[in-house]
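The values are calculated or read from the model by the stated rules, or taken from the named source; none is laboratory data. Keep in mind that what you see is a predicted model, and the values were worked out from it rather than measured. Note that each Cβ is placed from the backbone with ideal geometry, even for glycine, and that neighbours are counted across all protein chains shown. Areas reflect the complete protein model, heavy atoms only, side chains present, ligands, DNA and RNA absent. Shrake-Rupley method; radii C 1.70, N 1.55, O 1.52, S 1.80 Å.
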Amino acid sequence: MAVFLGLFLLLLVLLFAVITWQVVAGGPLTGVDERLSQALVHPDRFSSGLSDLGNVEVALPVLLLVAGYVAWRGRAAGTDLWWLRPAVAAALMALVPAIVVPLKEWTARPGTPVVPPGTGYYPSGHTATAAIAYGSATLLLLPWLRTPAARRVLAGGCAVLVLGVSYGLVRRGWHWPLDVVASWCLSTVLLTTLFLVPRAVLGRSTRRSFSGTPGSRSGPGSPATPSDPAGRAGSRESPTNRSPSSS
């Protein structure tokens, strides 16, 4: 599983690097991208509304509400390191502009013909914002859902939401398709952090508890509470204005 995940992440990084290289060099892939954009662009209210779901003003409050709820539930249940997953999710959200804005300035990619002249459209900030905010919220909530069906519905709803934002951005003409695909790659790599880091830290905390070392909320030698849903999930599966400079 670890090898498969590592290969998958490596593939995403390589894909992101190739797309970025083509955008900077004006390679043949950008020609295909421009022709695809011409076929897909059809500005309307529906596509504009979908793209607005990637606004920070919309996506960030969703993540903050979910992070606050999960932190409250974890603390109330006495979960070890109840603050860790919400903190990692908040850190990932803060990383989005820290990574995307310099890339926009460096690549200086012009926008599609339907937007005002300017540069800084690669990668798509709205896509990354939607993917990280809604994806992190989903990963935070998954351990607290009791049935596999509920988890599938939540994960599917998140995927539909992010794809809807992506479609709206391309359909409205706010972004080229490659801008969106690059943000998918970047966001998936970042979201994997929310899956792996808390899982590794919680695993070490559990081992310390069983070996007699005090945990964050456990006494000496106290094992993790088996009835805690977040604790079980930590050992089994972890959850994981539109301007060129912010779009």
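Once label points are set 7 Å from the Cα along Cα→Cβ at both Thr147 and Val32, what is their separation, rounded to one decimal in nm?
Using points 7 Å along Cα→Cβ, the separation is 4.3 nm.
With θ set to phi - 60° and the Karplus curve 6.51 cos²θ - 1.76 cosθ + 1.60, what are the ³J(HN,Hα) couplings of region 68-84 in order, to the nearest whole Hz, using x for Gly and Pro?
x, 5, 5, 4, 5, 5, x, 5, 5, 7, x, 5, 4, 6, 4, 8, 5
Quick check: at a probe of 1.4 Å, how many percent of the accessible area of region 1-84 sits on carbon and sulfur atoms? Can you show the working numbers first?
Details: 3930 of 5290 Å².
Taking all protein chains in place, region 1-84 shows 74 percent carbon and sulfur surface.
Roughly what would the spin-label model give for Thr192 and Ser48, points 7 Å off Cα along C-beta, in nm?
With each label placed 7 Å out from Cα toward Cβ, I get 3.9 nm.
How large is the accessible surface of Glu34 in square angstrom, using a 1.4 angstrom probe and rounding to the nearest 10?
Spelled out: Glu34, probe radius 1.4 Å, area about 80 Å².
Work out the FRET efficiency for Ala159 and Glu57 from their Cβ-Cβ distance, taking R0 = 25 Å, and round it to the nearest 0.05. Let's see the in-between values first.
Working: r = 22 Å, r/R0 = 0.89.
Plugging the Cβ-Cβ distance into 1/(1 + (r/R0)^6) gives 0.65.
Excluding ligands, DNA and RNA, what is the solvent-accessible area per residue of region 44-152 at a probe of 1.4 Å, expressed in Å²?
Dividing the accessible area of region 44-152 by its residue count gives 47 Å².
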